[in-house]
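Asks: First, the structure itself, so that you have it in front of you.
What follows draws every value from the coordinates through simple rules; no lab data is involved. Keep in mind that this is a model prediction, so the values were computed, not measured. Here the Cβ positions follow ideal geometry from the backbone for every residue, glycine too, while neighbour counts run over all protein chains shown.
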Amino acid sequence: MSEDWLVNGNGDCVALPLDELELPQKPYRLYRFLTELEDILDTVADDRDRIRAIAPRVRKLLTSSYWLQMQFVDPPNAPGWSVHFLYEDCDFPLTVQMVAWLPGNISPIHNHATWGIVALINGEEKHRFWRRSPTLEYPNRIELVSERIFVPGDIIGFLPDTIHSVEPLGCEPTISFNLYGVTDYSQRFEFDSMTHTAKNF
């Protein structure tokens with residue numbers, strides 16, 4: 001059974017209660033989805049509330065517009081992943097993309113420095129969640145909090161300070177619908193849990 005989740009900067013992954021949206025009689029198209037998202041972003045300032053409002057629309061979009069689920073690029077062996085942008089507009093504060101990963105690849109430990117929503121469409125992914133645990137000697141020290149395996153139909157919301165890594169599981173590529181707000185790249189980092197260091201990502 002698919003579920004909705006929210007992950008915060010402490011590495012907590014909690015079930016996200018959402019209002020169910022009825023499927024429309026006609027397809028819920030990408031342009032309508034983007035218009036509704038723009039209205040939400042204009043009226044809802046809190047990232048947690050934004051995710052709660054947007055996540056059911058992501059589910060409605062993917063359920064209603066099946067063609068979107070095929071809009072990915074087969075990932076090459078190197079680097080082992082691919083990104084296909086579904087929508088780009090320099091004046092629109094969103095990144096909408098399909099991401100495909102080959103098993104055997106693990107992402108760096110990172111944050112996104114913006115809110116985000118990932119809907120898993122195919123395959124399974126193990127996400128490890130971390131939190132900052134600074135010391136005087138290592139101000140960028142992090143510690144592992146938990147891990148969870150997500151399956152098709154799961155939707156995960158991330159707050160800007162969420163730190164995670166992603167590992168595709170099984171024998172087939174994982175495919176996900178990824179949606180992000182405006183990234184503050186000065187605050188987006190790749191973390192090294194062994195050396196307790198961080199660099200811009």
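Asks: Given only helices, namely DSSP H runs of n ≥ 4 each adding -39500 (n - 2.57), what is the per-residue ellipticity at 222 nm of the chain, to the nearest 500 deg cm²/dmol? Before the final figure, lay out the partial values.
Replies: Details: 2 runs with 32 residues, N = 201.
Calculated mean residue ellipticity at 222 nm is -5500 deg cm²/dmol.
Asks: Along segment 166-172, what does the Karplus equation 6.51 cos²θ - 1.76 cosθ + 1.60 (θ = phi - 60°) give for ³J(HN,Hα), rounded to whole Hz, x for Gly and Pro?
Replies: Here the 3J(HN,Hα) series is 10, 10, x, 10, x, 10, 10 Hz.
Asks: For segment 139-152, take each phi angle, set θ = phi - 60°, evaluate the Karplus expression 6.51 cos²θ - 1.76 cosθ + 1.60, and give the result in whole Hz per residue in order, putting x for glycine and proline.
Replies: Taking θ as phi minus 60°, the curve returns x, 10, 5, 10, 9, 6, 9, 6, 9, 8, 9, 9, 10, x Hz for segment 139-152.
Asks: A follow-up question, please. Straight-line reach from residue 60: which lysines fall under 29 Å, measuring Cα to Cα and dropping same-chain residues less than 8 apart?
Replies: Residue 60 reaches 26, 126.
Asks: Compare 80, 157, 123 in a GNM of the chain, Cα atoms joined below 10 Å, and give the one with the largest fluctuation.
Replies: In this elastic network of the chain, the residue with the biggest mean-square fluctuation among 80, 157, 123 is 80.
Asks: Be a star and scan segment 60-96 for residues whose amide nitrogen sits under 14 Å from the point 7 Å along the Cα-to-Cβ vector of residue 42.
Replies: Backbone N within reach: 92-93.
Asks: Tally Lys and Arg at +1 and Asp and Glu at -1 over the other residues with C-beta under 12 Å from the C-beta of residue 100: what net charge comes out?
Replies: On the way: positive: none; negative: 74, 125, 172.
Around residue 100, the charge tally is -3.
Asks: Taking the Cβ of residue 181 as the centre, find all other residues whose Cβ is under 9 Å away and add up their charges (Lys, Arg: +1; Asp, Glu: -1).
Replies: Values: positive: 50; negative: 47.
Around residue 181, the surrounding residues sum to 0.
Asks: Then there is this: State the label only: which of [x] 17.5, 68; [y] 16.7, 59; [z] 16.9, 49 corresponds to Rg and Dmax of the Cα atoms in Å computed from the shown model?
Replies: [y]
Asks: Let me ask something else about it. Under 10 Å, Cα contacts only: if you run a Gaussian network model on the chain, which one of 125, 137, 38 comes out with the highest mean-square fluctuation?
Replies: 137
Asks: Which residue, 67, 101, 130, tops the fluctuation ranking in a GNM of the chain built on C-alpha contacts under 10 Å?
Replies: 67
Asks: I want to check the label-to-label distance for residue 186 and residue 199. Put each point 7 Å from Cα in the C-beta direction and report it in nm to one decimal.
Replies: 2.1
Asks: Compute the distance from the alpha-carbon center of segment 95-143 to that of segment 155-171, in whole Å.
Replies: Distance between centres, Cα-based: 5 Å.
Asks: Right, next: Please give the FRET efficiency for residue 15 paired with residue 161, using the beta carbon to beta carbon distance and R0 = 30 Å, rounded to the nearest 0.05.
Replies: Numbers: r = 20 Å, r/R0 = 0.66.
Using R0 = 30 Å, I get an efficiency of 0.90.
Asks: I need to check one value: relative contact order of the chain, counting alpha carbon pairs closer than 8 Å and at least 6 residues apart, in percent.
Replies: Details: 463 pairs, mean separation 54.2, N = 201.
Over the chain, the number comes to 27 percent.
Asks: Residue by residue through segment 42-56, which ³J(HN,Hα) values in whole Hz follow from phi under the Karplus form 6.51 cos²θ - 1.76 cosθ + 1.60 (θ = phi - 60°), with glycine and proline marked x?
Replies: 6, 10, 10, 8, 6, 5, 4, 5, 4, 4, 5, 7, 7, 3, x
Asks: Which lysines, if any, have their Cα less than 16 Å from the Cα of residue 199, not counting same-chain residues under 8 positions apart?
Replies: none
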